[in-house]
Structures are given as C-alpha cells and as structure tokens.
Amino acid sequence: MPAKNPRVNIVLDPLLYSTLGSMAARDGISLSLEARDLIKEALEAREDIYWGLVAAERAKTYSAKKAVSHKDIWK
C-alpha cells in the first residue's frame, strides 16, 4: 500500500541522530514526527527572515508624503 504522505530519507551523523532521538523521547513522539516538526520550524524561521528582508527593502523607498492612510484605503 502506498504511503499517504510523501517520504524523505536522510542520513544523520550519530550525534545528531542521538539528539533527535532524545528530543523525540522527551516529547513522546516518533523520530519521524520530531524531524518533521523541526523542519517546519526551520522553514518558518527562514520565511520570517525572507519577509524581514523584503520589508527592509520596501522601507528604504517609503515616503510619508506618498503614503495612503488606512482610513482612506477602507472608505
């Protein structure tokens, strides 16, 4: 029977594997779920960094004189 969700195989060094195992045991979940959760956190952190950089670039061109107020937008 095919897997419901896509799979990824990874190779970990012994220390990383042991740390992941300890975290999974602490949280009462499988190695797979612990790895999935850590990957999700890492992707969210990278997304936050990306949007922070986008905001910083946009802030460079911000002009209070050209800005439209919230009130004017939602009339």
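Couple of notes before you dig in:
- Accessible solvent surface per residue of the chain, calculated while the other protein chains remain in place, 1.4 angstrom probe, Å²: 98 Å²
- GNM flexibility winner over the chain from TYR17, TYR50, TYR62 (Cα, springs under 10 Å): TYR62
- With the gyration tensor restricted to C-alpha atoms of the chain, the semi-axes of the equivalent ellipsoid amount to 44, 16, 12 Å, longest first.
- Count of Lys pairs (Cα-Cα under 24 Å; at least 8 positions apart or interchain) in the chain: 4
- Rounded to the nearest 10 degrees, the angle from helix 31-60 to the longest Cα principal axis of the chain is 20 degrees.
- Using the Cβ-Cβ distance between ARG46 and ALA3 with R0 set to 22 Å, the FRET efficiency from 1/(1 + (r/R0)^6) comes to roughly 0.25.
- Between 0 and 90 degrees, the angle of helix 14-27 with respect to the longest Cα principal axis of the chain falls at about 80 degrees.
The values are calculated or read from the model by the stated rules, or taken from the named source; none is laboratory data. In this text the structure is predicted, and so the values were computed from the model without any measurement. Counting neighbours? That spans all protein chains shown, and the Cβs are built from the backbone with ideal geometry, glycine included. For the accessible areas, the whole protein counts, side chains as well, though only heavy atoms, and no ligand, DNA or RNA atoms are used. Shrake-Rupley method; radii C 1.70, N 1.55, O 1.52, S 1.80 Å.
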